[in-house]
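Only one structure is covered here, and it is reproduced in the block below.
The values are calculated or read from the model by the stated rules, or taken from the named source; none is laboratory data. Remember, predicted model here, so these are calculated numbers, not experimental data. Positions of Cβ are generated from backbone atoms using ideal geometry, with glycine treated the same way; all protein chains shown enter the neighbour counts.
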Amino acid sequence: MRTPARSVVILALLKAAAVAQPDSAAACAACTTTVKQLAVAFSREKKELELSKEANDLKAQKIDKVQKAQTKRWLKNEYNVALRASIEEEMEKVCGRDAITSSRALIGACTKLIEEHEDALPRAILDQKHEGFCAKAVPGCDGEARDKAIAAFQHKGKSEKEPKGKASKVRGVVTRLVGTTFSKGIRAPDQHVLVLLHNGSATKERAYEFSDMRYAALASEFYSLAVGLNTTSGAHVKLAFAQLDLLKNEVPTNAPLADPNGASLVLYLVGDRDEPKSMPELGEKALAFAREPEVRTQLTQFLLTFLPKKEGSALGVVLKEREERMTELLAKNHDSLKAATKAAAARRRAPASAAPPTDPRQPLERCDLCGLIVGKLRRALETTHDELELSKEANERKAQKIDKVQKAQTKRWLKNEYRVALAAALEEALEGALVEVATALAPAAKDGSGANAAGGSGAGGDADASPSAAPKPKEEL
């Protein structure tokens, strides 16, 4: 006998099942889209497997040499096996495609379709009998009803007008994507795509460069890398660059938005477009107000971790060239400072009679100036050192990533990045200190020249009194 409590449970389960079932329009639209995606994958794989006549003849000769009949049958059947594998691979990803992820109802209907027709669906594609598949799998999904279902679930997201001409590129190498071109842009043939997702701050007056001061380091590293890889040495890195303004455009629901109100990078790999990689990862600290050495290190590790070995090796060469340029610039600054120090020492050793008359305050001013510059460099070094100190877990994770790198040259570069980051911080601090000191001393230099003129007329005025030594009128000064 069925108890009241049991009846309530059964009724609740039936209601839940009814809610979970996708409606017929969603099921029809999902089936039509899924079958279309599988057919495209099948055609693409079939085209790639089409061998030339010479290759087919060579393959047939090899098969004929096999003695065991079972092995010979398997070799002759591998073409169909490869086609079946491509369809099954697409079945695992199809519910994450842009055309499906625009609606939760489509995602649910797609998942249900794959589960219920796991064997029949690939067989229909292989036999090229998929035209009427949805009419059988989803009752009523044919003709006008099918067209209405597809139209009902066509999502038109927010999008800017597609840029044309010079407005379509930033610095000539970064493609400006909008909502309507995003899906096509991230599927560039034979190229991985690194996309900068940002919120505003890319105006026509700034040539559409992203210029939010909070993310100045991220923007600088992104554009510098894009320009650097556009050189001859970076030609072997199959990596394209793009950007999209989230304030004016929508992206597919499967695009990871690590910092939806700020800026982040998303990497779309060839053959794995529907599982993009994000920097920073979801849940990690945003890159707002990060320093350039920190962002440079993180971006380098990010790309070398996910890019294939060939592209990673080529990227390592470009990054090494960049490091050498930075080291060369730092060495030039060091040589200039060394030369200035040597010249100052020579002046100190020169006889007093040969030295031109100087203000007695100059040695003290030089001492204060040296202390100011050295103090700024020391503080910059300490700040960068503290920022680069990683926790034990982060160090272990970083070491694992470095160990995965195959090329010794790239591995040496990664292990040496700590010293390079410190050198870059010193270089940046030195340039800033020199500009600051020059700005601060400009008014003092004018006052000093006036004081020297007045002092010359007063000291020893009786001995050198002459019309030429007299102070100039105020109007002439």
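Please determine, by comparing only the residues of the stretch 318-342 that are farther than 15 Å from His192 by Cβ and within 18 Å of the chain's Cα centre (by Cα), which one is modelled with the highest pLDDT.
The qualifying residue modelled with the highest pLDDT is Leu319.
Residues of the stretch 173-200 that are in contact with a helix residue (DSSP H, G or I) (Cβ under 8 Å, 6 or more places away or on another chain) and not in a strand (DSSP E or B): Val173, Leu177, Ser183.
Tally the residues that are charged (D, E, K, R) and buried (at least 16 other Cβ atoms within 10 Å of the Cβ), restricting the search to the stretch 252-273.
Initially, the stretch 252-273 is screened for residues charged (D, E, K, R), giving 259, 272-273.
Next cut, buried (at least 16 other Cβ atoms within 10 Å of the Cβ) only: 259, 273.
Selection size over the stretch 252-273: 2.
Just a yes or no: is a residue in the stretch 171-178 loosely packed, with under 14 Cβ neighbours inside 10 Å, assigned by TED's automatic domain parsing to the domain that holds Ala226, over 22 Å from Ser278 (Cα atoms) and within 32 Å of the chain's Cα centre (by Cα)?
Step one: filter the stretch 171-178 for residues loosely packed, with under 14 Cβ neighbours inside 10 Å, giving 172.
Going one step further and asking which of them are assigned by TED's automatic domain parsing to the domain that holds Ala226, we end up with 172.
Narrowing the set further to residues that are over 22 Å from Ser278 (Cα atoms) leaves 172.
Cutting the leftovers down to within 32 Å of the chain's Cα centre (by Cα) gives us 172.
Among the residues of the stretch 171-178, at least one is loosely packed, with under 14 Cβ neighbours inside 10 Å, assigned by TED's automatic domain parsing to the domain that holds Ala226, over 22 Å from Ser278 (Cα atoms) and within 32 Å of the chain's Cα centre (by Cα), which makes the answer yes.
Residue check: Glu221 meets all listed conditions (1) surrounded by 19 or more Cβ atoms within 10 Å (Cβ to Cβ); (2) farther than 24 Å from Val270 by Cβ; (3) not assigned by TED's automatic domain parsing to the domain that holds Thr101 but one, namely (2). So, of the residues in the stretch 202-215 that are surrounded by fewer than 22 Cβ atoms within 10 Å (Cβ to Cβ) and in contact (Cβ under 8 Å) with a residue 12 or more places away in the chain, which turns out to be farthest from Glu321 (Cα to Cα)? Out of the qualifying residues, it is Lys204.
Filtered by the rule that a residue be under 19 Å from Lys277 (Cα atoms), of a type outside the set (A, V, I, L, M) and not in a helix (DSSP H, G or I), the stretch 287-326 gives a lone residue, Pro308. Exactly one residue among Ala288, Ala242 is of a type in the set (Gly, Ala, Ser) and buried (at least 20 other Cβ atoms within 10 Å of the Cβ), and that residue is Ala242. Restricting attention to the stretch 104-111, does a residue exist that is surrounded by fewer than 19 Cβ atoms within 10 Å (Cβ to Cβ), in contact with a Phe, Trp or Tyr (Cβ under 9 Å, 6 or more places away or on another chain) and within 15 Å of Ala27 (Cα to Cα)? Within the stretch 104-111 (the criterion being surrounded by fewer than 19 Cβ atoms within 10 Å (Cβ to Cβ), in contact with a Phe, Trp or Tyr (Cβ under 9 Å, 6 or more places away or on another chain) and within 15 Å of Ala27 (Cα to Cα)), the answer is yes, since at least one residue qualifies. Scanning the stretch 123-153 for residues that are among the basic types (Lys, Arg) and without any contact (Cβ under 8 Å) to a residue 40 or more places away in the chain gives Arg123, Lys129, Lys136.
Against the numbered list (1) assigned by TED's automatic domain parsing to the domain that holds Leu197; (2) outside any loop (DSSP other than H, G, I, E, B); (3) surrounded by 17 or more Cβ atoms within 10 Å (Cβ to Cβ); (4) over 14 Å from the mean Cα position of the chain (by Cα), Asn249 comes up short only at (2).
The conditions of being outside any helix (DSSP H, G or I), over 26 Å from the mean Cα position of the chain (by Cα), free of Cβ contacts under 8 Å to residues at least 60 places away in the same chain and closer than 18 Å to Ala25 by Cβ are met by Lys156. Can you pull out every residue in the stretch 85-136 that is among the acidic types (Asp, Glu) and assigned to a loop (DSSP other than H, G, I, E, B)? Within the stretch 85-136, Glu118, Asp119, Asp127, Glu131 meet the criteria.
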